[in-house]
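Peer 1: The structure follows.
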Amino acid sequence: MNRDFLSIVGELNLAKRVLVVGHIMPDGDDISSVLSATIGLQKLGKEAIAGIDWKIPWYFYEFEETSLIKRYEEVKESGFSPDFVLILDASSPDRIGKFQEFLGNVPSAVIDHHGTNTFFGTFNWVDTKFGSTAQMVLRLNGELGVQYDERLATINLMGIATDTGFFRYTNADEIVFSDATKLVSMGGKPYLISRLFENKRIEQFKLLSTMIEHLRTENDGKIVYSYLSKNDYEKNNCTEDDSGGFVGELRSIQGIELAIFFSEYERGEIHVSFRSRDWFDCSKLAVLLGGGGHPRAAGCTLRGELSVIIEEVIREAKIMYSSQYSSVKS
Ligand code: AMP
Ligand code: MN
Ligand code: MN
């Protein structure tokens, strides 16, 4: 058993007031992990508060428990004074936004599955063998003796499902399936999770069509990229939340290896998502640009004029594509 895992269990057994923190621009794994840990700790009679320093995309409110998650300002105003901070699915301190302020005052634990993790907690249980952080929370809750019901099992399963692209990506391995089986046997309902994706607004289809109009290729069609500007979102009556999954559409194009999607979520602030199919290590490119992630899915956030950023990132991507190609294919 991992030593940090056991230390975290020991600390949480003693803790009374726990702040459970997720990352900015939260995804399904993050929301699932934060909610599963918070609900688990509450079931054990502890005061636990869930915090994410970002607006939660509207479709996650399909799960009513999502409204447990508080913004930084709400946590501050409530006067909550944690005696332990539990950080989930975040690879570096900047990923938790303003909640960084709580670090240093009280002991903290980082539970994460990113190879790019910087071990910024007092305790760090980081293991890239897991397809999702939600699986690590399942183990944590198990060791703490949390009793699962249908709701908790479904919410916990949601993170495994979303981070593996509903069991389609290369990280969907035997551990993923056995953890999913365990959660389904405890009452988890996959069909409730699929509603997250089968619930699209008509405006999102129009936004997708704008992204497709902007599609470009490089390196004989091996690199594909597209973008949405702040204006594109506004024109389609959408926000950046509405393009969740668009980069997956780019990756699904036949013959490509690397897909890149630029999303200008605030004027001059651009989130870049990288996805690859077989061999390109996206996390190396993301780290070079100040971000992080996994080999097949990574991202970074850059500031500046959208067209300039696109040009710079594509230039770096092409250089790294060639150098990785020669080492992988030699
Ligand atoms: P995304 O493209 O935003 O869906 O992110 C893909 C993966 O990269 C996820 O595992 C994220 O946690 C990670 N990631 C995205 N943006 C960043 C960033 N700015 N810094 C570190 N990791 C990131
Ligand atoms: Mn995440
Ligand atoms: Mn994750």
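Every number in this text was worked out from the coordinates using simple rules, so none of it is lab data. What you are looking at is a predicted structure, and each value in this text was computed from that prediction instead of being measured. Neighbour counts run over all protein chains shown; Cβ positions are idealised from the backbone, glycine included.
Peer 1: Those residues that are near ligand 3 (Cβ under 9 Å from one of its atoms), crowded, with 24+ Cβ neighbours inside 10 Å and of a type outside the set (G, A, S), I need them from region 24-36; list them, please.
Peer 2: Across region 24-36, the qualifying residues are D29, D30.
Peer 1: Before we move on, is V287 surrounded by fewer than 15 Cβ atoms within 10 Å (Cβ to Cβ) and more than 12 Å from I260 (Cα to Cα)?
Peer 2: So V287 does not fit the description; no.
Peer 1: Follow-up. Test each condition in (1) within 16 Å of ligand 3 (Cβ to nearest atom); (2) among the acidic types (D, E); (3) surrounded by fewer than 24 Cβ atoms within 10 Å (Cβ to Cβ) for E65 and report the one that comes out false.
Peer 2: Only one criterion is unmet by E65, namely (1).
Peer 1: Could I ask something else about it? Select from region 288-306 the residues that are within 24 Å of S326 (Cβ to Cβ) and away from ligand 2 (no atom under 16 Å from the Cβ) and list them in ascending order.
Peer 2: Once the filter is applied, which keeps residues that are within 24 Å of S326 (Cβ to Cβ) and away from ligand 2 (no atom under 16 Å from the Cβ), region 288-306 yields L288, L289.
Peer 1: In region 4-47, how many are among the small types (G, A, S) and within 16 Å of ligand 2 (Cβ to nearest atom)? Lay out the reasoning, then the answer.
Peer 2: So in region 4-47, the residues among the small types (G, A, S) come out as 7, 10, 15, 22, 28, 32-33, 36-37, 40, 45.
Subsequent filtering for residues that are within 16 Å of ligand 2 (Cβ to nearest atom) retains 22, 28, 32-33, 36-37.
Number satisfying all stated conditions: 6.
Peer 1: Something else: Within region 148-181, restricting attention to residues that are more than 16 Å from ligand 1 (Cβ to nearest atom) and among the aromatic types (F, W, Y), which residue is nearest to the chain's Cα centre (by Cα)?
Peer 2: The extreme case among them is F167.
Peer 1: While we're on this one: Within the set of pairs 6+ apart or on separate chains, which have a first residue in region 289-310 that is touching a residue at least 40 places away in the same chain (Cβ under 8 Å), a second that is within 6 Å of ligand 1 (Cβ to nearest atom) and among the basic types (K, R), and C-beta atoms under 8 Å apart?
Peer 2: Once the first residue is touching a residue at least 40 places away in the same chain (Cβ under 8 Å) and sits in region 289-310, its partners that are within 6 Å of ligand 1 (Cβ to nearest atom) and among the basic types (K, R) give G292/R95.
Peer 1: Could I ask something else about it? Residues that are more than 26 Å from N13 (Cα to Cα) and not polar (S, T, N, Q): which helices (runs of 4 or more DSSP H) entirely in region 101-200 hold 2 or more of them?
Peer 2: Of the helices (runs of 4 or more DSSP H) lying wholly inside region 101-200, those with at least 2 residues that are more than 26 Å from N13 (Cα to Cα) and not polar (S, T, N, Q) span 150-163, 174-185, 190-194.
Peer 1: A follow-up question, please. Inspect region 89-98 for any residue being within 16 Å of R139 (Cβ to Cβ), more than 16 Å from ligand 1 (Cβ to nearest atom) and crowded, with 24+ Cβ neighbours inside 10 Å and give the result as yes or no.
Peer 2: No; the residues of region 89-98 include none that is within 16 Å of R139 (Cβ to Cβ), more than 16 Å from ligand 1 (Cβ to nearest atom) and crowded, with 24+ Cβ neighbours inside 10 Å.
Peer 1: Next question, about the same structure. Of the numbered conditions (1) within 20 Å of A298 (Cβ to Cβ); (2) more than 18 Å from the chain's Cα centre (by Cα); (3) among the hydrophobic types (A, V, I, L, M, F, W, C), F102 fails exactly one; give the number of that condition.
Peer 2: (1)
Peer 1: State yes or no: is R3 touching a Phe, Trp or Tyr at 6+ places or on another chain (Cβ under 8 Å), of a type outside the set (S, T, Y) and away from ligand 3 (no atom under 16 Å from the Cβ)?
Peer 2: Answer is no for this residue.
Peer 1: Could you identify the single residue in D173, D83, D179, D89 that is in contact (Cβ under 8 Å) with a residue 40 or more places away in the chain, touching a His at 6+ places or on another chain (Cβ under 8 Å) and of a type in the set (D, E)? Even if it seems obvious, please write down each step before you answer.
Peer 2: On the way: D173 fails: touching a His at 6+ places or on another chain (Cβ under 8 Å); D83 fails: touching a His at 6+ places or on another chain (Cβ under 8 Å); D179 fails: touching a His at 6+ places or on another chain (Cβ under 8 Å).
One residue alone meets the criteria, D89.
Peer 1: For region 177-220, enumerate the residues that are surrounded by 14 or more Cβ atoms within 10 Å (Cβ to Cβ) and either among the aromatic types (F, W, Y) or in contact with a Gly (Cβ under 6 Å, 6 or more places away or on another chain) (or both).
Peer 2: F177, F197
Peer 1: On to the next question. Given the structure, is R251 within 16 Å of ligand 2 (Cβ to nearest atom) and surrounded by 18 or more Cβ atoms within 10 Å (Cβ to Cβ)? Explain how you work it out, then say what you get.
Peer 2: On the way: within 16 Å of ligand 2 (Cβ to nearest atom): no; surrounded by 18 or more Cβ atoms within 10 Å (Cβ to Cβ): yes.
Taking the combined requirement at face value, the residue does not satisfy it.
Peer 1: For the structure I just gave you, tell me whether A50 is within 18 Å of the chain's Cα centre (by Cα), without any contact (Cβ under 8 Å) to a residue 60 or more places away in the chain and either outside any helix (DSSP H, G or I) or crowded, with 22+ Cβ neighbours inside 10 Å (or both). Explain how you work it out, then say what you get.
Peer 2: Working: within 18 Å of the chain's Cα centre (by Cα): yes; without any contact (Cβ under 8 Å) to a residue 60 or more places away in the chain: yes; either outside any helix (DSSP H, G or I) or crowded, with 22+ Cβ neighbours inside 10 Å (or both): yes.
Judged against the criteria, A50 is a match.
Peer 1: Scan region 15-30 for residues that are of a type outside the set (D, E) and touching a strand residue (DSSP E or B) at 6+ places or on another chain (Cβ under 9 Å) and jot them down.
Peer 2: A15, K16, R17, V18, L19, V20, V21, G22, H23, I24, M25, listed by residue number.
Peer 1: Which of (1) surrounded by 13 or more Cβ atoms within 10 Å (Cβ to Cβ); (2) more than 16 Å from ligand 2 (Cβ to nearest atom) does S330 not meet, given it meets every other one?
Peer 2: Only one criterion in (1) surrounded by 13 or more Cβ atoms within 10 Å (Cβ to Cβ); (2) more than 16 Å from ligand 2 (Cβ to nearest atom) is unmet by S330, namely (1).
Peer 1: Just a yes or no: is a residue in region 260-275 surrounded by 20 or more Cβ atoms within 10 Å (Cβ to Cβ), away from ligand 2 (no atom under 16 Å from the Cβ) and small (G, A, S)?
Peer 2: No, because not a single residue in region 260-275 is surrounded by 20 or more Cβ atoms within 10 Å (Cβ to Cβ), away from ligand 2 (no atom under 16 Å from the Cβ) and small (G, A, S).
Peer 1: Looking at E174, E150, E101, which is the one that is closer than 23 Å to G51 by Cβ and of a type outside the set (F, W, Y)?
Peer 2: E101
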